[in-house]
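Undergrad: Below are the structure tokens for one structure; questions will follow.
The values are calculated or read from the model by the stated rules, or taken from the named source; none is laboratory data. Owing to the predicted nature of the structure, the values given are computational and were not obtained by experimental measurement. For neighbour counting, all protein chains shown are included, and Cβ atoms are generated from backbone atoms with ideal geometry for every residue, glycine included. We work out accessible area using only protein heavy atoms, side chains counted, and drop any ligands, DNA or RNA first. Shrake-Rupley method; radii C 1.70, N 1.55, O 1.52, S 1.80 Å.
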Amino acid sequence: MLVLSRRVGERLVIGDDIVVTVIEVRSDGVRIGIDAPRHVRVHRAEVLDALTAANVDAVAADDRTAAALRRLVSPAPAQPDPSGTSPADR
């Protein structure tokens, strides 16, 4: 990890097209501005972690869900016709 000291208004350039600018320094944190092309995804780590955890929870199947999915994939066998005739006899 690269650790740098910057003052308000100073910038850091990443690659050819990402610029990070120190906007404000306060006792409880630092405000930064990030100028990057639209195709570059920029996320706060805690939000990305929460989103990833929510996605994992959303796809986790409990026993009831698994049983319901099994019923959809392999439906119950057809019930015999109460008249005793097969579809071929009709």
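Undergrad: Quick check on residue 41: is it assigned to a loop (DSSP other than H, G, I, E, B) and modelled with pLDDT of 80 or more?
TA: On the way: assigned to a loop (DSSP other than H, G, I, E, B): yes; modelled with pLDDT of 80 or more: yes.
Criteria met by residue 41.
Undergrad: Surrounded by 10 or more Cβ atoms within 10 Å (Cβ to Cβ) and either touching a Lys or Arg at 6+ places or on another chain (Cβ under 8 Å) or at pLDDT below 95 (or both): is that true of residue 24 in this structure?
TA: On the way: surrounded by 10 or more Cβ atoms within 10 Å (Cβ to Cβ): yes; either touching a Lys or Arg at 6+ places or on another chain (Cβ under 8 Å) or at pLDDT below 95 (or both): yes.
Spelling it out, residue 24 is indeed surrounded by 10 or more Cβ atoms within 10 Å (Cβ to Cβ) and either touching a Lys or Arg at 6+ places or on another chain (Cβ under 8 Å) or at pLDDT below 95 (or both).
Undergrad: What number goes with the only condition from (1) closer than 20 Å to residue 4 by Cβ; (2) open to solvent by 100 Å² or more (accessible area, probe 1.4 Å) that residue 64 does not pass?
TA: Residue 64 satisfies all of (1) closer than 20 Å to residue 4 by Cβ; (2) open to solvent by 100 Å² or more (accessible area, probe 1.4 Å) except (1).
Per-residue answers, yes or no, for (1) surrounded by 10 or more Cβ atoms within 10 Å (Cβ to Cβ); (2) part of a loop (DSSP other than H, G, I, E, B); (3) touching a Leu at 6+ places or on another chain (Cβ under 8 Å):
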| position | (1), (2), (3) |
| --- | --- |
| 7 | no, yes, no |
| 53 | yes, no, no |
| 57 | no, no, no |
| 72 | no, no, no |
